[in-house]
Amino acid sequence: MQPQQKRIKSVAPIVKANAQTIRNAAKELAAGNLVSFPTETVYGLGADAGNDRAVANIFTAKKRPDFNPLIIHVKTAENAFALGKSNATAQRLANHFWPGGLSLVVRRLKDAPVSPLATAGLQTIALRVPAHPVAQSLLQSWGGAIAAPSANPSGCLSPTCAEHVADAMGDANIACILDGGPADLGLESTVVGCLEDGDAILLRPGSISRDDIEEILDTPLREVTKKIADDDDMTKGSPGRLARHYAPKAPLRLHARDVRPGEFLLAFGKDTPPGPRYCLNLSSHGCLREAAANLFSYLARLDMEARRVGGDVVIAVMPIPERGLGLAINDRLRRGATREKEGSVL
Ligand code: TXA
Ligand code: MG
């Protein structure tokens, strides 16, 4: 084991999971920091699901070029269905496979205390009750929901042990990596969409087989097809499926350096142009992480205000630098600015 440790370049400490280190990790979550923890599928990179900035840090750490929606981990099915709308089919799957390697995508409840960045501004939410005792203790100790993608840089393999996390996440800002030994399943959770009773769709194959799921359902699991991808809000959550991923009702005018009569402004930085009818600033001091944290909620607020005042309000969006989280912010803005479902192919 010694030679392997030499390769580890992470500044994040690996700590053996026990009651004390799990309590400390829960405190880190409460302080808005990132914690890596084991689940029975793969290791996750967790943040307080309700904290916009903490969730934005996940995307920085993973160097994600866009904002994919994250899986929200909770302790029980009851906790899950306090965040997302249950139906008989979802409940049936939950009863059978939770805790375990299944993530269920259901409609997000309006008042769910989950950052819109964690659900990428979608009206749906992916929920999972992990079975791993360390994940369960962390959720118990923390007392809330944890947004967690797999703890690997975007596009790399999912980690199945603490050393993989330390190795792959380099010098990402992670408070600690809870070591709970190798992941039992080693494959990510199966993601099933279940927005309506009697309908379930396989969004990502994973550690629970299709056969096992179909045995519990009365009907076959639907597959994602091009037709569904066009029509179904849920499949927009899967990376890169639709050009127009998240769009406010009001049109967006990107790279705006001025404000035209009647326009709203989504500003960035301190040098904002004069004259908007209504303005929100993603980050007045030009911080991309803060901007990412505010992006979806500010777009929703501007959109709501545009609907309130009526007419054809356009939202002018100031240029965002194409670096770091700016890449992901611009990706979402470009998709949001696409009026038609252009290029909506799988
Ligand atoms: O096993 C797992 O699922 C691990 C552990 C840590 O729980 N997590 C994981 O997360 O693999 P991540 O972020 O690497 O993958 C999440 C998947 C993505 O394919 C994403 O598109 C999908 O879940 N997803 C999340 N929210 C969604 C939504 N609202 N609609 C559709 N797909 C969603
Ligand atoms: Mg992943």
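Which members of segment 164-178 meet the condition of being more than 16 Å from residue 40 (Cα to Cα), touching a helix residue (DSSP H, G or I) at 6+ places or on another chain (Cβ under 7 Å) and outside any loop (DSSP other than H, G, I, E, B)? If you could, list the steps in order and put the result at the bottom.
Keep residues of segment 164-178 that are more than 16 Å from residue 40 (Cα to Cα), which gives 166-176.
Going one step further and asking which of them are touching a helix residue (DSSP H, G or I) at 6+ places or on another chain (Cβ under 7 Å), we end up with 169, 172-176.
Listed by number, the list holds a single entry, 176.
Could you please let me know if residue 226 is away from ligand 2 (no atom under 16 Å from the Cβ), touching a His at 6+ places or on another chain (Cβ under 7 Å) and modelled with pLDDT under 85?
For residue 226, the condition - away from ligand 2 (no atom under 16 Å from the Cβ), touching a His at 6+ places or on another chain (Cβ under 7 Å) and modelled with pLDDT under 85 - is not met.
For residue 198, indicate whether it is at pLDDT 90 or above and buried (at least 22 other Cβ atoms within 10 Å of the Cβ).
So residue 198 does not fit the description; no.
Output the residue which, of all residues in segment 99-124 that are touching a helix residue (DSSP H, G or I) at 6+ places or on another chain (Cβ under 9 Å) and within 17 Å of residue 204 (Cα to Cα), is farthest from ligand 2 (Cβ to nearest atom).
Here the residue is 106.
With the requirement that a residue be within 16 Å of ligand 2 (Cβ to nearest atom), at pLDDT below 90 and on the phi < 0 side of the Ramachandran plot, what does segment 173-187 give you?
Residues satisfying the conditions are 185, 187.
List the residue pairs whose Cβ atoms are under 8 Å apart, where the first residue sits in segment 68-88 and is in contact (Cβ under 8 Å) with a residue 12 or more places away in the chain and within 12 Å of ligand 1 (Cβ to nearest atom), the second is part of a strand (DSSP E or B) and of a type in the set (Ser, Thr, Tyr), and the two are 6 or more positions apart or on different chains.
Note: pairs meeting the criteria are 69/124; 71/103; 84/124.
Which ones in segment 116-145 are closer than 19 Å to residue 190 by Cβ, more than 7 Å from ligand 1 (Cβ to nearest atom) and of a type in the set (Val, Ile, Thr)?
The one that is closer than 19 Å to residue 190 by Cβ, more than 7 Å from ligand 1 (Cβ to nearest atom) and of a type in the set (Val, Ile, Thr): 129.
What pairs come out if I take residues in segment 162-190 that are under 24 Å from residue 23 (Cα atoms) and in contact (Cβ under 8 Å) with a residue 24 or more places away in the chain and pair them with residues that are within 14 Å of ligand 2 (Cβ to nearest atom) and hydroxyl-bearing (Ser, Thr, Tyr) whose C-beta lies under 6 Å away, six or more apart or interchain?
165/36; 165/43; 174/36; 177/36; 183/160
Looking at (1) touching a Gly at 6+ places or on another chain (Cβ under 7 Å); (2) part of a loop (DSSP other than H, G, I, E, B); (3) not β-branched (Val, Ile, Thr), which is the one condition that is false for residue 322?
Failed condition: (1).
Residues are listed down the side, and each one gets a yes or a no for (1) at pLDDT below 95; (2) within 29 Å of residue 123 (Cβ to Cβ):
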{"residue": "4", "(1), (2)": "yes, no"}
{"residue": "18", "(1), (2)": "no, no"}
{"residue": "27", "(1), (2)": "no, no"}
{"residue": "45", "(1), (2)": "no, yes"}
{"residue": "52", "(1), (2)": "no, yes"}
{"residue": "60", "(1), (2)": "yes, yes"}
{"residue": "71", "(1), (2)": "no, yes"}
{"residue": "86", "(1), (2)": "no, yes"}
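Considering 182, 159, which residue is within 13 Å of ligand 1 (Cβ to nearest atom), part of a loop (DSSP other than H, G, I, E, B), over 30 Å from residue 107 (Cβ atoms) and not aliphatic (A, V, I, L, M)?
Values: 182 fails: within 13 Å of ligand 1 (Cβ to nearest atom).
Only one candidate passes the filter, namely 159.
Restricting to segment 81-115, name every residue that is surrounded by 22 or more Cβ atoms within 10 Å (Cβ to Cβ), over 26 Å from residue 184 (Cα atoms) and among the hydrophobic types (A, V, I, L, M, F, W, C).
Of everything in segment 81-115, those that are surrounded by 22 or more Cβ atoms within 10 Å (Cβ to Cβ), over 26 Å from residue 184 (Cα atoms) and among the hydrophobic types (A, V, I, L, M, F, W, C) turn out to be 106, 114.
Given the criteria surrounded by fewer than 19 Cβ atoms within 10 Å (Cβ to Cβ) and either within 16 Å of ligand 2 (Cβ to nearest atom) or of a type in the set (Phe, Trp, Tyr) (or both), does residue 205 qualify? Don't jump to the end; show me each part of the working.
On the way: surrounded by fewer than 19 Cβ atoms within 10 Å (Cβ to Cβ): yes; either within 16 Å of ligand 2 (Cβ to nearest atom) or of a type in the set (Phe, Trp, Tyr) (or both): yes.
Spelling it out, residue 205 is indeed surrounded by fewer than 19 Cβ atoms within 10 Å (Cβ to Cβ) and either within 16 Å of ligand 2 (Cβ to nearest atom) or of a type in the set (Phe, Trp, Tyr) (or both).
Output the residues belonging to segment 274-311 that are more than 25 Å from the chain's Cα centre (by Cα) and touching a residue at least 24 places away in the same chain (Cβ under 8 Å).
Within segment 274-311, 276, 277, 278, 305, 306, 307, 309, 311 meet the criteria.
Restricting to segment 32-50, and then to whatever is in contact (Cβ under 8 Å) with a residue 40 or more places away in the chain and of a type in the set (Gly, Ala, Ser), can you tell me which residue is nearest to ligand 2 (Cβ to nearest atom)?
44
The values are calculated or read from the model by the stated rules, or taken from the named source; none is laboratory data. This one's a predicted model, so the numbers in the text were calculated from it and none came from an experiment. Neighbour counts are summed over all protein chains in view; Cβ atoms, including those assigned to glycine, are modelled from backbone coordinates with ideal geometry.
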